[in-house]
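Single-structure report; data block below.
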Ligand code: G3H
Ligand code: 13P
Ligand code: ZN
């Protein structure tokens with residue numbers, strides 16, 4: 001058993017308390033490799049933003065769980081060397097079983113998500129409570145989910161989304177003891193969030209559902225998944241240099257800004273980073289066909305990612321200059 005406390009990580013409790021009080025959201029960025037992790041840490045140190053490093057079960061398989069733990073330790077050391085005080089949480093994204101959550105907690109995660117959103121209400125409560133009971137013994141925080149997001153996350157996939165029913169949130173939180181709750185208000189995973197062909201036709205998120213959840217759970221941290229904005233400048237670069245992304249649209253940034261000022265304390269962003277990295281690499285390849293040193297294309301991709309995250313922290317989530 002490796003405790004996250006020995007790795008210099010923190011759980012999400014204090015992070016969310018401060019975010020709630022000051023009206024911003026903590027960024028939760030997914031990572032699978034060194035360049036992504038470097039970009040996240042550099043951007044968050046530079047902007048003095050707290051950060052949740054998010055690892056999906058796919059990322060865990062891809063990067064190797066032991067290496068991941070040392071990467072998180074490396075991130076903590078990078079922050080110390082930079083004389084920064086930003087807190088870092090290591091979080092399991094979309095955990096789909098009790099066993100996976102336990103395994104992550106044993107290997108140093110400070111926070112886990114148990115995604116029982118595809119189960120019946122009763123089964124979701126049962127599974128989530130089981131994870132909470134184990135996690136809380138080790139002071140690890142737990143995120144649950146009510147309502148279903150469309151899209152694909154590893155083995156968890158859904159064709160259509162089902163908005164969260166606000167009438168269920170109090171009972172879910174009370175019965176399970178979760179520390180935060182992901183809700184479904186119209187976001188979805190990936191780069192194709194809306195069935196529209198023009199940006200102007202993107203519908204508003206269901207802020208009415210968010211407000212109703214806030215009323216029923218005063219001061220309780222809410223989480224937004226599927227919060228990439230799918231920057232059109234990156235979509236254009238990808239398409240210009242040989243890609244083929246059609247009608248790829250995300251959540252407009254002003255809507256996320258509004259959400260970040262509410263009880264939404266954690267905003268999950270993965271796809272935007274994938275787009276920036278892919279765009280930067282495609283551009284490098286097209287402009288430098290003779291280049292074959294990975295540092296020459298992964299370096300610019302890392303720079304593009306860092307710029308993207310700094311922008312998110314400063315102008316979308318409002319998490320900059322907090323530490
Ligand atoms: O919500 C899912 C995240 O974007 C992680 O994606 O399962 O492909 O690593 P992944
Ligand atoms: P995006 O696909 O919108 O980046 O969402 C990421 C996410 O919710 C990770 O859990
Ligand atoms: Zn998600």
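Only the coordinates and a few stated rules stand behind these numbers; no lab work does. Just so it is clear, the structure is predicted and the values come from calculations on it, not from any experiment. All Cβ positions, glycine included, derive from the backbone under ideal geometry; neighbour counts span all protein chains shown.
The three principal axes of the Cα atoms in the range 174-223 give end-to-end lengths of 42, 21, 14 Å, sorted in falling order. For the range 144-284, the relative contact order works out to 24 percent when only alpha carbon pairs closer than 8 Å and six or more residues apart are counted.
Scaled against the 2.2 N^0.38 Å expected of a compact globular protein of N residues, the Cα radius of gyration of the range 22-170 reads 1.09.
Derived from the Cα gyration tensor, the three semi-axes of the equivalent ellipsoid of the range 56-108 are 24, 11, 9 Å, largest first.
Over all Cα atoms in the range 145-291, the spread is summed up by Rg and Dmax: 17.4, 60 Å. Remark on the chain: Rg and Dmax equal 18.8, 60 Å (Cα only).
Using C-alpha pairs below 8 Å separated by at least 6 residues, the relative contact order for the range 270-323 is 36 percent. The stretch between residue 175 and residue 195 holds 3.6 nm of extra length on full extension. This uses 0.36 nm per residue minus the Cα-Cα distance. The alpha-carbon atoms of the range 229-300 define a convex hull whose volume equals 91 cubic angstrom per residue. Most simply put, the range 1-144 has about 0% antiparallel DSSP beta bridges, counting only bridges with both residues inside it. Distance distribution note for the range 1-109: the fraction of Cα pairs above 22 angstrom is 27%.
As a rough guide to protection, the peptides 254-264, 118-128 ranked by mean Cβ packing within 10 Å, highest first, stand as 254-264, 118-128.
Site pair residue 233 and residue 257 shows an inter-label distance of 1.6 nm when each label is modelled 7 Å from Cα along Cα→Cβ.
Normalising the average separation of contacting C-alpha pairs (under 8 angstrom, six or more residues apart) by the number of residues puts the relative contact order of the chain at 22 percent. Here the peptides 131-139, 228-236, 308-316 are ranked by packing, the mean other Cβ count within 10 Å, and the order with the highest first is 308-316, 228-236, 131-139. Sorted on the mean count of surrounding Cβ atoms within 10 Å across their residues, most packed first, peptides 179-191, 286-298, 66-78, 215-227 read 179-191, 215-227, 66-78, 286-298.
Dividing the helix sum by the residues of the chain, where each DSSP H run of 4 or more adds -39500 (n - 2.57), gives a mean residue ellipticity at 222 nm of -14000 deg cm²/dmol.
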